[in-house]
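Notes follow once the structure below has been shown.
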Amino acid sequence: MESSFVNMVEPGDDVIVMRNGVFGGRMVENVQRSGGRAIVIDDEWGAPCDPHKLRETLQRHPSVRTVGFVHAETSTGAESDAKTLTSIAHEFGALVICDAVTSLAGVPLLVDDWAIDAVYSGSQKCLSCVPGLSPVSYSDAVIDRVKARKDKAQVQSWFMDLNLVLDYWGETARTYHHTAPINSLFALHESLVMLQEEGLEQAWSRHRLHHEAFKAGIEAMGLEFLVNPANRLPQMNAVKVPASFAPGVEAQLRKRLLADYSMEIGAGLGPLAGKIWRFGLMGQSCSRANVMSCLGALTCELPEFGVQVKMGDAEQAALDVYNRAAHQHA
Ligand SMILES: *Cc1c(COP(=O)(O)O)cnc(C)c1O
């Protein structure tokens with residue numbers, strides 16, 4: 001994120017940031033720290049970024065050169081339409097910065113087909129790799145912009161200045177810039193080999209399947225999802241804390257699951273603090289074993305918190321999804 005903003009935003013630039021969760025908010029900070037002026041389009045937390053608002057805002061601010069948005073908002077579980085947002089930005093001559101930290105390998109992300117200009121991800125989400133690396137991809141238009149910076153060489157971050165890093169990445173004369181973390185790079189390579197062996201499309205459908213099974217179990221317990229089905233991320237399941245929970249009590253359930261079941265459930269953040277639980281089903285953790293044991297743990301613990309559930313209902317609902325899918329494939 002930081003590399004994209006410090007290189008693409010020059011002091012005084014107008015930048016649109018679409019904010020529908022924590023990470024859109026982090027983009028705003030990056031614009032400001034790069035000396036730009038953030039024009040923020042807010043959408044409700046749990047809803048996707050609204051393409052109509054983007055078009056309207058670009059019409060009102062023709063000076064905008066950059067649009068930032070988060071493809072998969074990990075704080076809410078909502079997926080935005082990266083393809084449409086990118087094509088609207090391009091109609092107005094702006095380049096996009098797309099946060100694909102949680103989307104990469106969990107849901108389709110077609111960087112070239114959708115013509116996304118700058119996109120970054122993380123090694124530790126659906127790639128299930130060690131944390132610390134952030135793969136990035138920049139279009140030719142991004143590189144041209146960086147090379148044409150008015151204040152050339154004045155990217156405020158020496159470490160991330162692409163004008164220096166590009167020489168290090170260069171195919172012919174490679175100029176030393178920093179020491180690459182090769183241990184982490186070997187780990188990233190292996191995680192990508194594993195993904196290739198599974199098949200990228202297969203990884204997307206695996207995330208979809210386990211989400212469907214988990215959803216069936218959650219709904220069988222009478223719990224509800226935050227995000228509407230059309231924009232729901234399979235790898236980040238935001239489930240509403242029942243209204244019957246007194247303030248602060250939901251944290252006790254999370255603590256219990258961590259202490260007794262070694263299961264860490266994400267808390268709600270910002271306006272959703274105390275209102276949702278976030279169940280990650282990412283990468284290698286997105287498995288039948290984890291779905292079933294999580295539903296089992298919830299079935300055991302929820303009654304103590306006043307939620308009446310019948311033993312076995314959630315597991316049966318999930319199992320029905322798995323059996324239907326197996327039948328379809330047979
Ligand atoms: C996790 C996450 C980040 C931040 O990743 P770090 O490696 O913790 O810096 C940024 N954006 C999104 C959407 C994320 O889910």
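Structure summary
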quantity: Dimensionless Rg/Rh of segment 1-148 - Kirkwood Rh, Rg from C-alpha atoms; calculated: 0.93
quantity: Cα pair distances of segment 116-261 binned at 10 Å [whole percent]; calculated: 8, 23, 27, 21, 15, 6, 0
quantity: Translational diffusion coefficient (Stokes-Einstein; Kirkwood radius from C-alpha pairs) of segment 262-315 at 4 °C, 1.567 mPa s, in µm²/s; calculated: 104
quantity: Qualifying lysines (Cα of each under 23 Å from Cα of residue 83; at least 8 residues distant if same chain); calculated: 53, 125
quantity: With all protein chains modelled, accessible area of residue 43 [1.4 Å, Å²]; calculated: 20
quantity: Cα point-scatterer Debye curve for segment 197-254, base-10 log of I(q)/I(0) at q = 0.13, 0.30 Å⁻¹; calculated: -0.43, -1.24
quantity: Crossing angle, helix 200-220 versus the chain [Cα axis fit, 0-90 degrees, rounded to tens]; calculated: 40
quantity: Charge context of residue 90, other residues only, Cβ under 15 angstrom, K/R +1, D/E -1; calculated: -3
quantity: Cα gyration tensor category, rounded, prolate or oblate, for segment 95-164 with a/c compared to 1.5; calculated: oblate
quantity: Eligible aspartates and glutamates near residue 255 by straight Cα distance, threshold 19 Å, same-chain separation 8 or greater; calculated: 264, 301, 304
quantity: Nearby lysines by direct alpha-carbon distance to residue 215 (threshold 19 angstrom, same-chain neighbours under 8 apart not counted); calculated: 240, 275, 310
quantity: Shape category assigned to the chain from the gyration tensor of Cα positions, a/c cut at 1.5; calculated: prolate
quantity: Relative contact order (percent, whole number), segment 70-199, Cα cutoff 8 Å, 6+ residue spacing; calculated: 18
quantity: Ranking by accessible area, most exposed first, for 8, 1, 194, 160 with a 1.4 Å probe; calculated: 194, 160, 1, 8
quantity: Distance from segment 216-271 to segment 76-139 (C-alpha centre basis), Å; calculated: 26
quantity: Surface accessible to a 1.4 Å probe, residue 276 within the full protein complex, Å²; calculated: 0
quantity: Segment 90-137, accessible surface, carbon-and-sulfur percent (1.4 angstrom probe); calculated: 55
quantity: Contact order normalised by residue count of the chain, Cα under 8 Å, 6+ apart, percent; calculated: 16
quantity: HN-Hα J in Hz across segment 297-307 - Karplus 6.51, -1.76, 1.60, θ = phi - 60°, x for Gly and Pro; calculated: 5, 5, 4, 6, 9, 4, x, 5, 9, x, 9
quantity: Acute angle (nearest 10 degrees) that the helix 82-91 long axis makes with the longest principal axis of the chain, alpha-carbon atoms; calculated: 30
quantity: Residues of the chain: accessible area per residue with a 1.4 Å probe, Å²; calculated: 48
quantity: Theoretical ellipticity at 222 nm over the chain - DSSP helices of four or more residues, -39500 (n - 2.57) apiece, nearest 500; calculated: -13000 deg cm²/dmol
quantity: Candidates 202, 32, 252: whichever shows maximal mean-square fluctuation once the chain is modelled as a Gaussian network with Cα springs under 10 Å; calculated: 252
quantity: 112, 144, 81, ranked by accessible area, largest first (probe 1.4 Å); calculated: 112, 144, 81
quantity: Gyration tensor (alpha-carbon) shape descriptor, segment 180-330, a/c threshold 1.5; calculated: oblate
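The values are calculated or read from the model by the stated rules, or taken from the named source; none is laboratory data. This is a predicted model, so every value here is computed, not measured. Here the Cβ is made from the backbone with ideal geometry for all residues, glycine too, and neighbour counts use every protein chain on show. To get the accessible areas, we keep the full protein, side chains included, count just its heavy atoms, and leave off ligands, DNA and RNA. Shrake-Rupley method; radii C 1.70, N 1.55, O 1.52, S 1.80 Å.
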